[in-house]
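Working notes, beginning with the structure itself.
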């Protein structure tokens, strides 16, 4: 009798399990279709009481966004702020009333985004969203993504590794390790010497080889030594680093000594230097040459 009872209980649970499985499949299909329409096709009005619970809640800081109108206004920022949008759900699964999605968002920041003017920057970010369903409607969402990377791609925050890249460049230059200096540069780097500097005759130098031959080789040929001292690095926005420093050098031509204040503005992307701009007292450099 006991075995018969256990068998009956097991068999009676099958329809319930199948029903739950069918429900979550239906919920996942509806969920992915709705967000494809909203983001990829710009149909913000799909955020409505047909697809979303009236009290749809976006878990957010410092306070949650509750209700369809507030939820719609929040995501309108993505449609207004970005063009060439591609939103891909890379993986999605669920159990009970819960759904988890792994997504990728790409776009170009060409409009106002939460009050931030267009930067023209492209973003490519991934994240995870925890979802709760209720009676076949989306009732709660909570997004997780690396906001630091997102803001860096928008150019609003600089990559924290930029300072290390520039510091390593100056240390390599100090010991004459020019190959390491050149290796820190992007193949399409644009390098500009200060206007009025004799080396500015080749502006803009494009590519590491042009910089090697047009700047570094000429510095070595014209000077007994050319040292960079008192280097201070300052992290800037838009992935730029400002270096304030002094040139300590001695000309071969006439033995003139140089002690000049200078500044270097470096622009980086993905850990490589894309641009350089020199600022220096060119009169002091010219006076040394003409003595």
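The values are calculated or read from the model by the stated rules, or taken from the named source; none is laboratory data. Being a predicted model, the structure only gives us computed values, none of them experimental. Here the Cβ positions follow ideal geometry from the backbone for every residue, glycine too, while neighbour counts run over all protein chains shown.
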Can you find, within region 251-274, the residue that is nearest to the chain's Cα centre (by Cα) among those that are buried (at least 16 other Cβ atoms within 10 Å of the Cβ) and under 14 Å from residue 229 (Cβ atoms)?
264
With part of a loop (DSSP other than H, G, I, E, B) and either under 18 Å from residue 98 (Cα atoms) or modelled with pLDDT of 95 or more (or both) as the only criterion, which of 50, 29 stands out?
50
Just the residues that are within 21 Å of residue 57 (Cα to Cα) and surrounded by fewer than 16 Cβ atoms within 10 Å (Cβ to Cβ), please, taken from region 90-118.
93, 95, 96, 98, 100, 102, 114
Tally the residues that are on the phi > 0 side of the Ramachandran plot and in contact with a strand residue (DSSP E or B) (Cβ under 6 Å, 6 or more places away or on another chain), restricting the search to region 247-273.
0
Take region 32-46 and flag every residue that is free of Cβ contacts under 8 Å to residues at least 40 places away in the same chain and either under 19 Å from residue 98 (Cα atoms) or not assigned by TED's automatic domain parsing to the domain that holds residue 81 (or both).
33
Residue that is under 23 Å from residue 38 (Cα atoms), modelled with pLDDT of 95 or more and not in a strand (DSSP E or B), where the choices are 111, 107
111
Working carefully through the options 180, 229, find the one that is in contact with a helix residue (DSSP H, G or I) (Cβ under 7 Å, 6 or more places away or on another chain) and surrounded by fewer than 18 Cβ atoms within 10 Å (Cβ to Cβ).
180
Does residue 205 count as without any contact (Cβ under 8 Å) to a residue 40 or more places away in the chain and crowded, with 18+ Cβ neighbours inside 10 Å?
yes
Where residues in region 119-135 are part of a loop (DSSP other than H, G, I, E, B) and loosely packed, with under 15 Cβ neighbours inside 10 Å, which of them is nearest to the chain's Cα centre (by Cα)?
120
Considering 144, 114, 173, 150, which residue is within 20 Å of residue 239 (Cα to Cα) and touching a residue at least 12 places away in the same chain (Cβ under 8 Å)?
150
